[in-house]
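Note sheet for the following structure.
The values are calculated or read from the model by the stated rules, or taken from the named source; none is laboratory data. As the structure is a prediction and not an experimental result, all values here were calculated from the model. So basically every Cβ, Gly included, is an ideal-geometry build from the backbone, and we count neighbours across all protein chains shown. Side chains included, ligands, DNA and RNA excluded: accessible areas come from the protein's heavy atoms. Shrake-Rupley method; radii C 1.70, N 1.55, O 1.52, S 1.80 Å.
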Amino acid sequence: MSVLVTGGAGYIGSHAAIALHDSGRRVVLLDDLSNASAAAVDAVRVLTSSDIPFVEGDAADVGLVDDAMGRFGVDEVVHFAASKSVAESVNEPLAYFRNNLGSLLGVLAAMEARGIKRLVFSSSCTVYGEPEVVPVTEASPVAAVNPYGVTKLQGEQLLDVIASAGGLDVMLLRYFNPIGAHLTGSIGEDPTGTPTNLVPLLMEVAVGRRDRLQVFGGDYDTPDGSAVRDYLHVVDLAEAHVAALEALASRPGATAVNLGTGRGYSVLEVIGMAEEVMGRSIAYEIVGRRPGDAERIWADPSFASEVLGWTAQRGLREMIQDHWRWCEAHPMGFETV
Ligand code: UD1
């Protein structure tokens, strides 16, 4: 079996590529390197001791995707290629629709032309907006509250329609907050430009690239006043993609699945854990809430356990330890010499 991984040089894609390789599949990576590094591809090849093919280009380019599928005998697809900054999506909504829906349409057109039916789609807990009730289950109401969220929700809806017509079997994986890195510390998250996510920013403070972290909101209705999220280890998340491809055999149509640990941590708890793991203090200041942030959100992961036979294995300490190992060795990301 050969699996095409779009966005395969990115943070989650590169980790998933290793898990897919370890499951016995031949892996083909496709990435336009707009928010990823070719060095990640090299590192994946080293970690898998395998000369994994890499196609550089845009998943919206049907001809390119179709050609890669033909050349490498692809029979299933994991589609990550997308932009993921909420803030950027607010400033450049059209770019988000073009990239996130364009890449999905490109992949779907090529899949249809090749008669490929098995797909795993990278979605997000952002489809739940600001939930009134936690934990969220797959039956919780969906509501996109920013352009990025709209692209994920519309992507899911499009896939649901095509699957209902019998054209596709697809897992819609709704990720909560992936952090951490491969145990070796040789691949990890390396955002282009200024990061917007909590842990990459916290790591920049730890390596001295930033004075202090801003904690967005200290007056939420949570035990310590800071917002609560369901952080999960990127290697656990990667393994869920293997389980999802395998589950498609017995689950035709479209199935949405939450991927989280089922436990929430506050921003201050994450900082506290980082201080413990690193043995140093992290400078931070509590500032105003970030517009559009939910107060608290975590997953009910029981459906993932039922459908995929998957539960997250790694706790917050391991997530931070592994993320830190990567950042300590690569303070400037993949550009570190
Ligand atoms: C958001 C999206 C998620 C998306 C992810 C990708 C929602 C609910 N979640 O996650 O779907 O996949 O972005 O980028 O829309 N924080 C600080 N200071 C900082 C940065 C963050 O206090 O400098 C806080 C945030 O307020 C939040 C938590 O840390 O409470 C996590 O933030 P972040 O890492 O940006 O992820 P989400 O916003 O939860």
- Note on the structure: In degrees rounded to 10, the 0-90 angle between helix 62-72 Cα long axis and the longest Cα principal axis of the chain is 80
- How long is the gain from GLU285 to SER250 if the chain were fully straight, where each residue apart is worth 0.36 nm and the alpha carbon distance is subtracted? 7.6 nm
- Determine the sum of side-chain charges near ALA243: Lys and Arg each +1, Asp and Glu each -1, restricted to other residues whose C-beta is under 15 angstrom from that of ALA243. -3
- Of the peptides 267-273, 304-310, how do they stack up when ordered by the mean number of other Cβ atoms within 10 Å, highest first? 267-273, 304-310
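Could you work out what % of the accessible surface of the chain is carbon and sulfur, using a 1.4 angstrom probe and leaving DNA, RNA and ligands out of the count?
Whole-percent figure for carbon plus sulfur exposure: 49.
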- For region 266-319, rounded, prolate or oblate, judged on the Cα gyration tensor with a ≥ b ≥ c (square roots of eigenvalues), a/c < 1.5 rounded, else prolate if a/b > b/c? oblate
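First check a/c for region 180-337, with a ≥ b ≥ c the square roots of the eigenvalues of its C-alpha gyration tensor; if it is under 1.5, answer rounded, and if not, answer prolate when a/b is larger than b/c or oblate otherwise. Don't skip to the answer; put the middle values down first.
Details: a/c = 2.17, a/b = 1.38, b/c = 1.58.
Verdict is oblate for region 180-337.
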- Message: How compact is the chain by the rule of thumb for globular proteins, expressed as Cα Rg over 2.2 N^0.38 Å?
- Response: 0.94
- Query: If you average the sequence gap of Cα pairs under 8 Å that are 6 or more apart and divide by the length of region 235-337, what percent do you get for the contact order?
  - Reply: 40
- Note the full-extension length gain between GLU275 and ARG71 as 0.36 nm times their separation in residues minus their Cα-Cα distance, in nm to one decimal. 68.6 nm
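Rounded to the nearest 0.05, what FRET efficiency do ASP293 and LEU94 give with R0 = 22 Å and r taken as the Cβ-Cβ distance? Could you check?
Efficiency computed from Cβ-Cβ geometry: 0.40.
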- Task: Report the extension gain between MET332 and SER50 in nm, rounded to one decimal, defined as 0.36 nm multiplied by the number of residues separating them, less their alpha carbon distance.
- Result: 98.9 nm
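Could you grab the relative contact order for the chain? Cα pairs under 8 Å, six or more apart, rounded to a whole percent.
Normalised by residue count, the contact order of the chain is 20 percent.
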